[in-house]
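First the structure, in the form of structure tokens, and then the observations on it.
The values are calculated or read from the model by the stated rules, or taken from the named source; none is laboratory data. In this text the structure is predicted, and so the values were computed from the model without any measurement. Methodologically, a virtual Cβ is constructed for each residue, glycine included, from the backbone with ideal geometry; neighbour enumeration extends over all protein chains shown. Side chains are part of the model used for accessible areas, which takes the heavy atoms of the whole protein and leaves out ligands, DNA and RNA. Shrake-Rupley method; radii C 1.70, N 1.55, O 1.52, S 1.80 Å.
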There are 2 protein chains.
Amino acid sequence: MKTIYLAGPEVFLPDAGEIGQRKKQLCRQYGFCGLFPIDSEIQMADDHENLGYAISRGNEALIARADIIIANLTPFRGVSADAGTVYELGLARGLGKFPAGYSNVQQDYLQRVWQAFGDGPLSAQSAGEIRDRQGLKIEEFGLQDNLMIEGGIRAGGGLFTTHDARPEEIFTDLTAFERLLQQLQSRP
Amino acid sequence: MKTIYLAGPEVFLPDAGEIGQRKKQLCRQYGFCGLFPIDSEIQMADDHENLGYAISRGNEALIARADIIIANLTPFRGVSADAGTVYELGLARGLGKFPAGYSNVQQDYLQRVWQAFGDGPLSAQSAGEIRDRQGLKIEEFGLQDNLMIEGGIRAGGGLFTTHDARPEEIFTDLTAFERLLQQLQSRP
């Protein structure tokens, strides 16, 4: 049975354990074994900083064990995906794991960045030269986030999908997640 | 001569090429060959989305060639590092490259997240149970960003340093970058 590392910002939710169980249950339903970040047994550390490093080592070990990563790339506290999830996707790609990802927000990266950091109407900007209020270039590739993310998934022959979840279910809606499991199950 | 992939959000600056040259010049000064993301020759693509993927492939190829990554992890458009840079750090770690990183902001992650997403005085919160206005847990490990970032650098035996740059030089100050080059040069 293939194992899937379940990367995503769900670990920060008040009901992190419950959503982890729901994701693992769906994995089983499609014939996979899901590994949720907080599954790894963390040894008690003698201070907070060491506990952070211990969690990191535990998660890296789970990724090393997994065959597949499904990264929840829904924007988290800002315009991009959760930084930990993005790191884990890169690590999984470097380790040759099968990369899959989803976002519960369908609005593209350019639109989201412009909404938060743009100045005036986006339609008045020149294509290929769109910059935020600080003069920093905004990517215009029609992608969902920084190009390295979807680019890496594509280069690894992986899967990426989006779904427009209701705002109150943005971190808990599993429609796109389940769609990926269906696609993974039907692969040879 | 060892090669260093120079990951960071400098690629979005109006003077991206110039800062790339400055970083590569510093690399040469310390006996390294720097590879800047936009150095890879991108074939003309037939549409914007394909250009995005082509840049991603070019950057992944540079990282595969490099011995070392130095990631500029300064917060970018929000509380965390640039998503592309974080992906590249993870990829480099997965490929067994030597990981190094720096941030030009010394304030820790908890303080930054609280400032942007907290509610009321931070001092009134209970240790180990700090959550943002949406109820999402905030990491309390005394680290500079999501724990996977510094955790991965440490697990890879790498280097991480911070420097408090002036706000107007947050993306161009090379003090911490040069400190890493010095440390890399003195390694056996």
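Which of the residues spanning segment A:154-188 are open to solvent by less than 10 Å² (accessible area, probe 1.4 Å) and in a loop (DSSP other than H, G, I, E, B)?
none
Keeping to segment B:156-167, report how many residues are touching a residue at least 60 places away in the same chain (Cβ under 8 Å) and within 12 Å of chain A (Cβ to nearest Cβ).
2
Quick one: how many residues across segment A:103-136 are farther than 27 Å from A:T175 by Cα and of a type in the set (S, T, N, Q)?
The qualifying residues number 4.
Return the residues of segment A:162-188 that are in contact with a Ser or Thr (Cβ under 8 Å, 6 or more places away or on another chain) and among the small types (G, A, S); say none if nothing qualifies.
A:A165, A:A176
Can you name the residue in segment B:1-19 that is charged (D, E, K, R) and not in a loop (DSSP other than H, G, I, E, B) and, of all such residues, is surrounded by the most Cβ atoms within 10 Å (Cβ to Cβ)?
Taking the candidates together, the pick is B:E10.
Among the numbered conditions (1) surrounded by fewer than 21 Cβ atoms within 10 Å (Cβ to Cβ); (2) at pLDDT below 95, tell me where A:R22 comes up short.
(2)
Rundown of residues vs (1) closer than 23 Å to A:E60 by Cβ; (2) of a type in the set (S, T, Y); (3) open to solvent by 20 Å² or more (accessible area, probe 1.4 Å); (4) touching a Ser or Thr at 6+ places or on another chain (Cβ under 8 Å), yes/no style:
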| position | (1), (2), (3), (4) |
| --- | --- |
| A:Y87 | yes, yes, no, no |
| A:A100 | yes, no, no, no |
| A:S103 | no, yes, no, yes |
| A:L110 | no, no, yes, no |
| A:Q115 | no, no, yes, no |
| A:D132 | no, no, no, no |
| A:K137 | no, no, yes, no |
| A:G152 | yes, no, no, yes |
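Quick test of your reading of the structure: B:R65 fulfils all but one of (1) touching a residue at least 40 places away in the same chain (Cβ under 8 Å); (2) touching a helix residue (DSSP H, G or I) at 6+ places or on another chain (Cβ under 9 Å). Name the failing condition by number.
Single failed check for B:R65: (2).
Residue-wise test of (1) among the aromatic types (F, W, Y); (2) under 16 Å from the mean Cα position of the chain (by Cα).
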{"residue": "B:G20", "(1), (2)": "no, yes"}
{"residue": "B:Y30", "(1), (2)": "yes, no"}
{"residue": "B:G34", "(1), (2)": "no, yes"}
{"residue": "B:I63", "(1), (2)": "no, yes"}
{"residue": "B:D67", "(1), (2)": "no, no"}
{"residue": "B:P75", "(1), (2)": "no, yes"}
{"residue": "B:V79", "(1), (2)": "no, yes"}
{"residue": "B:F98", "(1), (2)": "yes, yes"}
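Considering segment B:42-60 alone, what residues qualify as being at pLDDT below 85 and open to solvent by less than 50 Å² (accessible area, probe 1.4 Å)?
Hit for segment B:42-60 is B:A45, nothing else.
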